[in-house]
1. Select from region 34-56 the residues that are surrounded by 13 or more Cβ atoms within 10 Å (Cβ to Cβ) and over 29 Å from P69 (Cα atoms) and list them in ascending order.
2. Consider only pairs whose beta carbons are under 6 Å apart and that are at least six residues apart or on different chains; among these, list those whose first residue lies in region 35-49 and is at negative phi and free of Cβ contacts under 8 Å to residues at least 12 places away in the same chain and whose second residue is in a loop (DSSP other than H, G, I, E, B) and open to solvent by 30 Å² or more (accessible area, probe 1.4 Å).
3. Here is a check on your reading of the model: is Q10 surrounded by 13 or more Cβ atoms within 10 Å (Cβ to Cβ) and out of contact with any helix residue (DSSP H, G or I) (no Cβ under 9 Å at 6 or more places or on another chain)?
Amino acid sequence: METIARTPLQLGNYIRQRRRELGLTQEKLAAKVGVRQRTVSDIETSAAARFDTVLRTLAALDLELVIRPRTKGSARDIERLF
């Protein structure tokens, strides 16, 4: 299933959802990624995290980042980003 995340909050919510689907606690995911539990919590709540840490987190959840041209949304969708 493909999911589009356009904001840090959307990405964090999807990471949380996937972690739960896999039956992982934040602590267990943190151990797989090699970070503290607090870092996983920060990623899931859209707080600042290093990009390489986010990529390692995605890999630990068997996910990947795909870059493609943005699908067109409404003006309101764009406003929500800022």
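The values are calculated or read from the model by the stated rules, or taken from the named source; none is laboratory data. The model shown is predicted, which means the values in this text are computed figures rather than measured ones. Neighbour counts run over all protein chains shown; Cβ positions are idealised from the backbone, glycine included. Areas reflect the complete protein model, heavy atoms only, side chains present, ligands, DNA and RNA absent. Shrake-Rupley method; radii C 1.70, N 1.55, O 1.52, S 1.80 Å.
1. V35, R36, Q37, T39, S41
2. Between residues of region 35-49 that are at negative phi and free of Cβ contacts under 8 Å to residues at least 12 places away in the same chain and residues that are in a loop (DSSP other than H, G, I, E, B) and open to solvent by 30 Å² or more (accessible area, probe 1.4 Å), the close pairs are D42/A49.
3. In short, yes.
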